[in-house]
Amino acid sequence: MDDISARERDPHHRRARLSAHLRRLESESIGIIREVAAEFRNPVMLYSIGKDSGVMLHLALKAFYPGKLPFPLLHIDTTWKFREMIRFRDEIAARHGLKLLVYTNAEGVARGINPISSGSQLHTQVMKTEALKQALDRWQFDAAFGGARRDEEQSRAKERVFSFRSPGHVWDPRNQRPELWNLYNTRINPGETIRVFPLSNWTELDVWEYTRAEQIPVVPLYFAAPRPVIERDGQLIMRDDERMPLKPGEQTQVRSVRFRSLGCYPLTAAQESDATTIEQIIAEMLRMRTSERSGRLIDNDEAASMEKKKRDGYF
Amino acid sequence: MTDTSERFAYVPEDAATGARAGEKTLLRFLTCGSVDDGKSTLIGRLLYDTQLIHDDQLAALERDSRKHGTTGDELDLALLVDGLQAEREQGITIDVAYRFFATPRRAFIVADTPGHEQYTRNMATGASNAQAAVILIDARKGVLTQTRRHSFICALLGIRHVVLAINKIDLVEYSGERFHHIVAEYLGFAAALKFASIASIPLSARYGDNVVRRSECMSWYEGPTLIEQLETLDVSEGLDEKPLRFPVQWVNRPNADFRGFAGTVASGIVRPGDPVVVAVSGRETRVERIVTADGDLAEAHAGDAVTLTLSDEVDIARGDLLAHAQARPEVVDQFAAQVLWMLEEPMLPGRSYLLRIGTRYVPARITSLKHKVDVNTLEHIAAKTLGLNEIGVCNLATTSPVALDAYADNRATGAFVLIDRFTHATAAAGMISFGLRRATNIHRQALLVDKAARMRLNGHRPAILWFTGLSGSGKSTVANIVERELHAHGAHTYMLDGDNVRHGLNRDLGFTDADRVENIRRVGEVAKLFVDAGAIVLCSFISPFRAERRMVRELVESGEFIEIFCDTPLDECRRRDPKGLYARALAGKIRNFTGIDSPYEPPENPELVLTPGPLGPEEGARQVLEALRARHIIV
């Protein structure tokens, strides 16, 4: 997956591999990413290590070629990510010579917040949402890229490409700027920030097809492999380390599973699968009758769950 | 509900065949209609029948249908698309939502926009990036005022293809007669809008007839289903055939050896060797390379994000527009446009806004509003301002020349937005009709005596001393003393105040917000002439709005505008009430009186703040003169 052969480097061959549809999405995203670099004082790219972040990073590297990425990456580490994700993150940063900032809410760690005994809501609020706000404040970023897509979830379907946040990172869905043509309004006052979503118009299928065509590396957890899992509340959870205690009667079993989306390991359910290639993942995705975020335990916390989290500052 | 065999099977993209003709393309369309027309239901139906609804979403839908649904025991497909909580609860669509589905032939991005008049701006937002519009009509109701409004906005935003979806056909017994009657009425009215194509389809979103599945209840209809129409609609705008337009977005300078101009081709095709010009400066050069991360290209087409290198070292920055040397855009500093106002606060002719066109930001103001357009009847109505969601035909002036095309010729170089300069809210969207004055044609009379020459003769620098503050705050009193002192020192001065301009130059203006803005604009222009003549101009005006004071500041050179804020508290001004105006305003005899029923926006960074003190106006005047010495305006 790492070495791109001479044939692959031939631009005509590579361009031919992308459909008109994917080429259009690629160009649109590159345009959005360049816009931020041109207009903001201190942008940052949120890097969550998942497939969408992978595509976003790949597009950013293309956008500034032959120059380097003119902004750093930021990973909000809740300390509960899969170990494989962290390894992958560091490898990608080293390979491309990227400036990677890693931020953990130290106060949350000191308070002992964790996804198991604190509950998913509090953990997400403190270790992700609060941590993100702290990190943005600490480095004084005025624009932050996120890999969210409009097809993911209902409240995201109305999200702007340039999403305005008033001081304190407040998202008011009623008070967003109209976005006409590609004439994004990039002007803000001190204290205000913008979240930018270059993948707004991509679907999950587009992300996988582009990942395949462009041979973008992804965390191996997306591919099926025998992994130790426990069954809890009808979901398969991979016990990535000893911090997750077993409940009475629970037993670790090895099953062939993969992850459709990646988050904190106790909050991210696996699905049984034999898909070991992107082609098989795509085929499986189209066969499957559940949506991408169904394995994300935090979305089911309450009605209109994502909208509420977003108002609080979640990406 | 729907036989799964009707649904689409996935066909993976096959790169090996390289079959360009059959490759998957993208169509962006918007749906217009109000919730009563079944718009959200139609989109829900498209998603459902193209298998985009997953089991967990279906479970949520069943739950929600019982809670908020309007379809009894059946699934309410509209709930799939009404995303935000308030909308689900109120049963209306108030924002633009983007939906995605695909068939083997095409990927679709649907902008789902609200239909009510108070959401015209949301609909325009959806239309700005759409290639086609699906306009819903309730078969029971036929062509309504809102149908006309939706069609007009689509045409205004440059949509060329319309699909007329005559919905709820099941509720008129699948009547072909009713369908044909509605179509005839619509075509009669839409002829003036000059759409390139109009296809009319009878359908039932609720039951799925003629959406994805061909209806068995309408043997009289032989046209395509909605999905067939959308899959085969040719929306090519011929962008490749239009003249090259390349707005420079970002200058890529990773090292001393590489200087590239990154951007997205807005129209036309660019190839290495092509002669291009920087539109505003007129500098010519040639394209050297088309650089991408995948290697250099032999050509780039409209929509491609690339980086160009040029054969000459030409001064180019973000905001410049590169064009083919033989087909240049207009370069003007005044143009006519259709403007859709998007702020609660009304548009004021004369006020300065930030205009964004392409990748360029430039200060601009609306110089005149010719008329507004009633979106329901298309009638022209005389108006002084535009309110939220109103559309007007305006002239605009920019502070420096910009390159542009008419919107009808090129959406990318003919569209702009206006941004409020203080809140930075997006204030308006505009579509350029034509340029009014070629900036290149303005040959200013070459002057033998200039400002610098006059300054040497006068022995002092020119300036505008702008006194702002509430009525009764002491502006004129202090200004009079300052002028007396300046005159005694031999400085050339002139005083402009409400009394000497309101009686002559501005006698046609009243005290509405729009007139106040125009009042200050004219005063600013006159003051500028005096500055050019070398004088120190003392302007004493309440001038309640920051935007107008900034407008005057920008008319003259940096350092020539001295803003003096007479910061006397309202209570003190009322106590003084030198002309008895507060008493009359409080008695309701004067309307729009600043501080009473009209706002005053204090300066954020004035050069000088004068507060009332025991030493009286003489002390204020002393501070002003000291500030002028410190700035070397006088010695």
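Overview of values
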read-out	value
Selection from segment B:200-222 of residues that are open to solvent by 20 Å² or more (accessible area, probe 1.4 Å) and in contact with a strand residue (DSSP E or B) (Cβ under 7 Å, 6 or more places away or on another chain)	B:SER200, B:CYS217, B:TYR221
Any hit, segment A:56-66, residues being away from every other protein chain (no Cβ under 14 Å), at pLDDT 95 or above and out of contact with any Cys (no Cβ under 6 Å at 6 or more places or on another chain)	yes
Segment A:268-284 - residue that is open to solvent by 20 Å² or more (accessible area, probe 1.4 Å) and not polar (S, T, N, Q) and, of those, modelled with the lowest pLDDT	A:ALA283
Contacts under 8 angstrom Cβ, first residue in segment A:171-186 being within 8 Å of another protein chain (Cβ to nearest Cβ) and at positive phi, partner open to solvent by 10 Å² or more (accessible area, probe 1.4 Å) and assigned to a loop (DSSP other than H, G, I, E, B), 6 or more apart	A:TRP181/B:ASN129
Any hit, segment B:555-567, residues being closer than 16 Å to B:GLY472 by Cβ, without any contact (Cβ under 8 Å) to a residue 60 or more places away in the chain and either open to solvent by less than 70 Å² (accessible area, probe 1.4 Å) or not basic (Lys, Arg) (or both)	no
Positions within segment B:115-148 being open to solvent by less than 20 Å² (accessible area, probe 1.4 Å), over 17 Å from the mean Cα position of the chain (by Cα) and under 9 Å from B:CYS32 (Cβ atoms), in sequence order	B:GLY115, B:ALA133, B:VAL134, B:ILE135, B:LEU136, B:THR147
Residues within segment B:245-263 that are farther than 18 Å from A:GLU28 by Cα, more than 10 Å from every other protein chain (Cβ to nearest Cβ) and touching a residue at least 24 places away in the same chain (Cβ under 8 Å), tallied	1
Identity of the residue in segment B:284-304, closer than 15 Å to B:ARG245 by Cα and open to solvent by 40 Å² or more (accessible area, probe 1.4 Å), that ends up farthest from the other protein chains (Cβ to nearest Cβ)	B:GLU284
Residue in segment B:159-178 that is open to solvent by less than 30 Å² (accessible area, probe 1.4 Å) and under 20 Å from the mean Cα position of the chain (by Cα) present	yes
Residue satisfying all of: in segment B:264-273; open to solvent by less than 10 Å² (accessible area, probe 1.4 Å) and part of a loop (DSSP other than H, G, I, E, B); nearest to the other protein chains (Cβ to nearest Cβ) among these	B:VAL265
Residue in segment B:250-263 that is more than 25 Å from the chain's Cα centre (by Cα), small (Gly, Ala, Ser) and open to solvent by less than 20 Å² (accessible area, probe 1.4 Å) present	yes
Strands (runs of 3 or more DSSP E) enclosed by segment A:72-150 - at least 1 residues per element that are aromatic (Phe, Trp, Tyr), in contact (Cβ under 8 Å) with a residue 60 or more places away in the chain and open to solvent by less than 40 Å² (accessible area, probe 1.4 Å)	A:143-145
Flag for B:THR413 being within 14 Å of chain A (Cβ to nearest Cβ) and touching a residue at least 24 places away in the same chain (Cβ under 8 Å)	yes
Strands (runs of 3 or more DSSP E) contained entirely in segment B:334-433, each with at least 1 residues that are of a type in the set (Phe, Trp, Tyr) and open to solvent by 20 Å² or more (accessible area, probe 1.4 Å)	B:360-373
Residue in segment B:482-495 that is nearest to B:ASP597 (Cα to Cα), counting only those that are open to solvent by 20 Å² or more (accessible area, probe 1.4 Å) and in contact (Cβ under 8 Å) with a residue 12 or more places away in the chain	B:MET495
In segment A:23-53, the residues that are open to solvent by less than 10 Å² (accessible area, probe 1.4 Å), assigned to a helix (DSSP H, G or I) and more than 8 Å from chain B (Cβ to nearest Cβ)	A:SER29, A:ILE32, A:ILE33, A:VAL36, A:LYS51, A:SER53
Some residue of segment B:229-238 being in contact with a His (Cβ under 7 Å, 6 or more places away or on another chain), under 30 Å from B:LEU378 (Cα atoms) and more than 14 Å from every other protein chain (Cβ to nearest Cβ)	yes
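The values are calculated or read from the model by the stated rules, or taken from the named source; none is laboratory data. Keep in mind that this is a model prediction, so the values were computed, not measured. Positions of Cβ are backbone-derived with ideal geometry, glycine not excepted, and every protein chain shown enters the neighbour counts. Surface areas here come from the heavy atoms of the whole protein model, side chains and all, with no ligands, DNA or RNA. Shrake-Rupley method; radii C 1.70, N 1.55, O 1.52, S 1.80 Å.
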